[in-house]
Amino acid sequence: PATREQMFVALDRSLEAIRRRDVQVGYTNIALLASLSLILGGQILGKEDLRGLGEEKLFSWMEYTNLAGAPREYNSLTYSGVALSPLAEIATYADDPEVRLRAQAAEARVWLHLATHFHPATHQLAGPHSRAYHEEITFNPSPTRSCLYVVLGDEGMMGDLNTSHDILKGIVIGLRTFQCPEPVRRLFLRKTFPYLACEQTDAEPEVRFSLSDAG
């Protein structure tokens, strides 16, 4: 019981730190991880203000992404997986059915974005990439490939140069319950080539979601 109480205190302090830091929604993976922490942490602690803050951040990220046409960390073998994981957790564990539904819709959008860029023969995402690290676009394991492995069950997702860090990422992601729509799953595996993916970026979100509050 004493350890449990200490964990609640630590969780409360962590959530207050997230509230103070208030990462902008353009920073996709951190904003979504903050949403996850605030929504589920607020539920655990019974703090509606924290849970509401997490829901507001999630909805703002969805609006921002809708205006831009694609996730800001675009087509990333590194960070798309980090974005999918908190959306899947919110869609599974949030108490509010509307929040679960919205998170599921946002997760489906990220899956679709990845499916349009995925080349099944090479297990690779066609570029251009945003915030994708060198080791992870050269056929090594990555958070995104771990998510794809969970959903597609394709051993080609796993590279030869596994490290303990890569394996840990895979284990953590393997515990998620992802909700990739079946038509999107089929698109990953059964495209007719040549295949053209057209997406648009928009400067407008940078105006509406500016960093002016941060000075």
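The values are calculated or read from the model by the stated rules, or taken from the named source; none is laboratory data. Everything quoted here is computed from the prediction, not taken from an experiment. Glycine gets a Cβ as well: all are built from the backbone with ideal geometry, and neighbour counts include every protein chain shown. All accessible areas refer to the heavy atoms of the entire protein, side chains included, with ligands and DNA or RNA removed. Shrake-Rupley method; radii C 1.70, N 1.55, O 1.52, S 1.80 Å.
Within the accessible area of the range 23-65, what % is carbon and sulfur when the probe is 1.4 Å and the other protein chains stay in place? Exposed carbon and sulfur together represent 57 percent of the surface. Based on Cα contacts under 8 Å between residues 6+ apart, the chain shows a relative contact order of 21 percent. For the range 107-152, the share of accessible area belonging to carbon and sulfur comes to 64 percent (1.4 Å probe, ligands and nucleic acids excluded).
Surface analysis of the range 5-124 yields an accessible area of 42 Å² per residue, using protein heavy atoms and a 1.4 Å probe.
3J(HN,Hα) along the range 58-75, derived from phi through the Karplus expression 6.51 cos²θ - 1.76 cosθ + 1.60 where θ = phi - 60°, amounts to 4, 5, 5, 5, 5, 5, 4, 5, 4, 5, 7, x, 6, x, 4, 7, 6, 6 Hz, with x in place of Gly and Pro.
Between the helical axis of 28-45 and the longest alpha-carbon principal axis of the chain there is an angle of about 40 degrees. The structure-derived value of Rg/Rh (Cα atoms, Kirkwood Rh) appears in the list (1) 0.98; (2) 1.03; (3) 1.01 under the label (1).
Charges were assigned to the Cβ only: +1 to each Lys and Arg, -1 to each Asp and Glu. The resulting dipole of the chain about its Cα centre is roughly 300 debye. Listed values for the range 80-95 are Karplus-derived 3J(HN,Hα) couplings in whole Hz (6.51 cos²θ - 1.76 cosθ + 1.60, θ = phi - 60°), namely 4, x, 5, 6, 5, 4, x, 4, 5, 5, 5, 4, 8, 10, 5, 6, and x replaces Gly and Pro.
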